[in-house]
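Since the structure comes first, as structure tokens, the remarks are kept for the end.
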Amino acid sequence: MRVSQILKAKAASGVMTIKPEASVADAANLLSSKRIGSVVVTADEKHAQGILSERDIVREIGKRGPSCLSDAVADMMTADPVTCSVDDTADEVLSRMTEGRFRHMPVVEDGRMIGLITIGDVVKSRLTELSMEKDALEGMIMGH
């Protein structure tokens, strides 16, 4: 399955973004209110300058305490996040996510961010694909 198919199957479209100069507290509020795990950092809504996840925030609070919540998102984000294209396969994306130990990946087409996929999106697509293959094989065996 390709990333383009995964994006089409997602219930919600669009990407939650935040400006680099916003505070980490603002990002935490956005993550909490939208019940999402990460936010893409962008000044222009077109290019992913970075990504900030719940884990990034919790890790920093653990190191420095709650004072880090007043920092700018740009100071805590992972800059230049790994991205994928609509033509990448689910297996390619899953492999990159696993190797890089991250769960969210911006989708870029012609240099512009067009979506965001999560490890959950990719796993769901693979499970759907495996179920369809199973059904097809059972049909062949049963003579349907």
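The values are calculated or read from the model by the stated rules, or taken from the named source; none is laboratory data. Predicted model only: the values in this text are computed from it and were never measured. So basically every Cβ, Gly included, is an ideal-geometry build from the backbone, and we count neighbours across all protein chains shown. Only protein heavy atoms, including side chains, enter the accessible area calculation; ligands, DNA and RNA are left aside. Shrake-Rupley method; radii C 1.70, N 1.55, O 1.52, S 1.80 Å.
Summary table below
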{"read-out": "Qualifying residues in the range 95-144 (those that are among the basic types (Lys, Arg) and not in a helix (DSSP H, G or I)) - the one least open to solvent (accessible area, probe 1.4 Å)", "value": "Arg103"}
{"read-out": "Candidates Asp91, Asp87, filtered to the one that is open to solvent by 70 Å² or more (accessible area, probe 1.4 Å), touching a Ser or Thr at 6+ places or on another chain (Cβ under 9 Å) and over 21 Å from Asp26 (Cα atoms)", "value": "Asp87"}
{"read-out": "Per-region count, the range 72-84, residues surrounded by 15 or more Cβ atoms within 10 Å (Cβ to Cβ) and not in a strand (DSSP E or B)", "value": "7"}
{"read-out": "Helices (runs of 4 or more DSSP H) wholly inside the range 1-69 containing at least 1 residues that are under 14 Å from Val107 (Cα atoms) and open to solvent by 60 Å² or more (accessible area, probe 1.4 Å)", "value": "3-9"}
{"read-out": "All positions within the range 87-110 that are touching a residue at least 24 places away in the same chain (Cβ under 8 Å) and among the charged types (D, E, K, R)", "value": "Asp87, Asp88, Asp91, Arg103, Glu109"}
